Amino acid sequence: VPRADKLRKYFFKYEKFEGKYNPNYAAMMESLDDGVGRILSTLEELQLTDNTLVIFTSDNGGVGLPELGPTPTNLEPYRAWKGHVYEGGIRVPMIVRWPQKIPPGTVNENYVVNTDYFPTFLEVLAIKNTSSHQDGRSMLPTWFDPSAPFGRGPVYWHYPHFSNQLGRPAGAMRNGDFKLVESYESGKVELYNLAADVGEKNDLSTSQPDKLRSMLRDFRTWQKEARVNMPLPNPAYRK
C-alpha cells in the first residue's frame, strides 16, 4: 500500500507518461528506494561498506495486469509476467555489491536461480555444506570471473496452481540455452532456445524432437525426485 504523503507529486505527473501512469506503484517504488538507501547509508556510517556483501533481487517478474491502477510494468522483450513460467515471470534483476571483491560495473550473463544463494553464502562464510540442502550451486566463482565457464546446469520451476495474474498450472526447465515449458492442464510441451529467442516466440518442439524428449525425460526425473505435487481434477466440477 503506498504512503499517502508520497502520492501527491505523482498525481501531477499523469500527462507525462502517455497512458503508462500508476501513481500508487510509483509511490511504492519510491518507498523501496528509500528503504534500500537507508540500509546503504547505515553501512557507510558504520564504515562497513567495503566489507559487506549486498544483493538486490526479486522473487518474480513484474505485474502484467492492472493493479492499483493501470498495468505498472513492461517486461518486453520477455514473454508474460508474474505468475507465469515464461521469462517475463521468472527472469528477475540481480545486483550484487561487494566493493572489496567485485569491480563496479561488472556485467554477468550467467543464469542462476534463488536456491543458489544458500550454497553461495556458505562458501562466502567458508562453511562446509553438511546439510541435506542440495538444490543449489554456489555462484561465487562466476561473480569473480563472469567470463569463465560456469555451466550452471538444469534449473526447474513448478507452478501447479492458478495465479491472479492469469497464470495457469505449468512447469519449466532450463538447461544451457534451451528451455522447456509444460502446461499441466493440456499436457502441451514447448521448447525454446533463449540465446536466439529470448521472447519465447519460436516453439522448437516439432523441429527439435530429440532435444525435447531429452529435456522432458530429465524434467520428469526431477519431478519424481522432488516429489512435486501435481494438480488434480476437481471431482465437484461439472461442465
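For THR52, project a label point 7 Å along Cα to C-beta. Then give me every residue of region 106-122 with its amide nitrogen under 11 Å of that point. Zone members listed by number: none at all. Dividing the mean sequence gap of close Cα pairs (under 8 Å, 6+ apart) by how many residues region 120-196 holds gives a relative contact order of 17 percent. Taking one quarter of the surface of the C-alpha convex hull of region 1-64 gives a mean projected area of 6.2 nm². Accessible surface area normalised per residue over the chain is 65 Å², counting heavy atoms of protein chains with a 1.4 Å rolling probe.
Placing +1 on the Cβ of every Lys and Arg and -1 on the Cβ of every Asp and Glu, with no other charges, gives region 167-239 a dipole of roughly 380 debye about its Cα centre.
Computed over the chain, relative contact order equals 13 percent, with contacts defined as Cα pairs under 8 Å that lie 6+ residues apart.
Solvent-accessible area assigned to carbon and sulfur over region 88-239 amounts to 54 percent, based on a 1.4 Å probe.
Could you work out how much longer the chain between ASP34 and TYR184 gets when fully extended? Use 0.36 nm per residue separation minus the Cα distance between them, nm to one decimal. Let's see the in-between values first.
Values: separation 150, 0.36 × 150 = 54.00 nm, distance 4.08 nm.
Going from the current span to full extension adds 49.9 nm.
Between rounded, prolate and oblate, where does the chain land on the alpha carbon gyration tensor, with a ≥ b ≥ c its root eigenvalues, rounded for a/c under 1.5, else prolate if a/b exceeds b/c? Oblate, since a/c reaches 1.5 and b/c is not below a/b.
Multiplying the residue separation of ASN164 and ILE102 by 0.36 nm and removing their Cα-Cα distance gives an extension gain of 18.5 nm. Per-residue ellipticity at 222 nm, computed for the chain from helices alone with -39500 (n - 2.57) per DSSP H run of at least four residues, works out to -8500 deg cm²/dmol. Could you please state, rounded to a whole Å, how far the C-alpha centre of region 43-68 is from the C-alpha centre of region 131-203? Using only Cα atoms, the two centres lie 22 Å from each other.
For GLY64, the residues 5 or more places off, or on other chains, whose built amide H falls under 5 Å of its own are LYS82. So, in the chain, how many Lys pairs have Cα atoms under 28 Å apart, if the pair is 8 or more places apart or on different chains? Lysine pairs, 8 or more places apart or on different chains, close enough: 26.
Counting other C-beta atoms within 10 Å, and keeping those with at most 11, which DSSP coil trypsin sites (Lys or Arg not before Pro) do you find in region 77-134? Present the calculation step by step, with values, prior to reporting the outcome.
Numbers: sites: ARG79, LYS82, ARG91, ARG97, LYS101, LYS128; in loops: ARG79, LYS82, ARG91, LYS101, LYS128.
Those satisfying the criteria are LYS128.
The values are calculated or read from the model by the stated rules, or taken from the named source; none is laboratory data. Remember, it's a predicted structure, so these values are computed and weren't measured experimentally. Positions of Cβ are generated from backbone atoms using ideal geometry, with glycine treated the same way; all protein chains shown enter the neighbour counts. Calculation scope for accessible area: heavy atoms of the full protein, side chains included, ligands and nucleic acids excluded. Shrake-Rupley method; radii C 1.70, N 1.55, O 1.52, S 1.80 Å.
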